[in-house]
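Below is one structure, written out as structure tokens; the observations come after it.
The values are calculated or read from the model by the stated rules, or taken from the named source; none is laboratory data. In this text the structure is predicted, and so the values were computed from the model without any measurement. Every residue, glycine among them, receives a Cβ derived from its backbone with ideal geometry; neighbour counts consider all protein chains shown.
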Amino acid sequence: MNAMVKVWDPLVRLFHWSLAGLFLANFFTEEGELVHRGFGYAILVLIAVRFVWGWIGTRHARFADWVPGPRRVRDYLRQRLAGRSRRQLGHNPAAAVMILALLAGVLLVGVTGWLQTTDRFFGEGWLEELHEVLAYGVLGLVVLHVLAAVGESVHYGENLVASMIHGRKRALGQDAAAGEKTAPIAASQLNDPIARQE
Ligand code: HEM
Ligand code: HEM
């Protein structure tokens with residue numbers, strides 16, 4: 001049995017799959033009706049909770065752990081394209097950019113949905129249009145997000161989607177060195193060229 005390390009706490013996993021389910025379901029609910037609005041508001045609550053958790057949550061849930069600066073994103077992409085990138089326990093910098101875009105996008109969809117119910121903006125055609133365009137735009141990002149999750153899983157030789165379900169990833173020596181509560185396994189089992197040399 002490989003040593004495993006806990007990465008995604010239950011709140012992150014519940015947040016992720018509830019967000020994914022409610023977001024996708026809202027393309028099939030009656031537009032603007034009670035269920036649609038309810039799902040939309042539930043999504044806004046989820047994002048608010050996740051925002052707080054990003055400050056006070058467990059190690060890999062925190063923004064400080066995974067929100068990268070431009071240089072980290074650039075370096076990661078360069079190394080990834082050259083086949084020299086290191087597998088990360090938390091979100092990798094490229095995934096992080098997508099995650100921030102998804103969170104911001106979903107937030108905007110929810111807010112433009114809510115605004116349509118206010119006296120000020122009720123019946124505004126452009127807002128309805130914007131809401132719909134944003135919703136489909138975020139849906140496009142979701143497609144890329146899922147393809148990337150599968151692609152990165154194949155590249156690194158570990159199932160990232162399963163990790164988002166059970167919360168664990170295989171541990172490497174470098175993870176133990178970084179203070180994770182874990183026993184390391186052979187680095188050769190993961191596609192991480194630097195760890196293999198260590
Ligand atoms: C955050 C998740 C949401 C998603 C993915 C979403 C998605 C969509 C989509 C795709 C449409 C266009 C449907 C169509 O024309 O076939 C739509 C319409 C609409 N949505 Fe949302 N929505 C969300 C949240 C909300 C919220 C929070 C509200 C209000 C509280 C809302 C209110 C409306 C209304 C009133 C319409 C009808 C606009 C019109 O008459 O064209 N939505 N939504
Ligand atoms: C249904 C198919 C989906 C799959 C298979 C999937 C897969 C994943 C995976 C594997 C991760 C972790 C990435 C990593 O290891 O760095 C992740 C994170 C994330 N995904 Fe998805 N995703 C899906 C749908 C969605 C949808 C529909 C949304 C939003 C509209 C979304 C938003 C996010 C967010 C915000 C995170 C970060 C979670 C956190 O740190 O709290 N995902 N997703």
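Looking only at segment 132-155, filter to residues that are exposed (fewer than 13 other Cβ atoms within 10 Å of the Cβ) and of a type in the set (Gly, Ala, Ser); which one of those is farthest from Leu102 (Cα to Cα)? Looking at residues that are exposed (fewer than 13 other Cβ atoms within 10 Å of the Cβ) and of a type in the set (Gly, Ala, Ser), I get Gly151. If you check Ala61, Ala42 for being among the aliphatic types (A, V, I, L, M), more than 10 Å from ligand 2 (Cβ to nearest atom) and modelled with pLDDT of 95 or more, only one passes: Ala42. For segment 42-73, a residue qualifies if it is under 13 Å from Leu19 (Cβ atoms) and over 16 Å from the mean Cα position of the chain (by Cα), and the qualifying residues are Ala42, Val45. Take Arg120 and tell me if it is of a type in the set (D, E, K, R), more than 9 Å from ligand 1 (Cβ to nearest atom) and either closer than 17 Å to Leu22 by Cβ or under 19 Å from the mean Cα position of the chain (by Cα) (or both). So Arg120 does not fit the description; no. For Val109, are the conditions met, namely being near ligand 1 (Cβ under 9 Å from one of its atoms) and β-branched (Val, Ile, Thr)? It is true that Val109 is near ligand 1 (Cβ under 9 Å from one of its atoms) and β-branched (Val, Ile, Thr).
Cβ-Cβ contacts under 6 Å between residues 6 or more apart (or on different chains), taken from a first residue in segment 13-38 that is near ligand 2 (Cβ under 9 Å from one of its atoms) to a second residue that is not in a helix (DSSP H, G or I), are listed as Arg13/Gly167.
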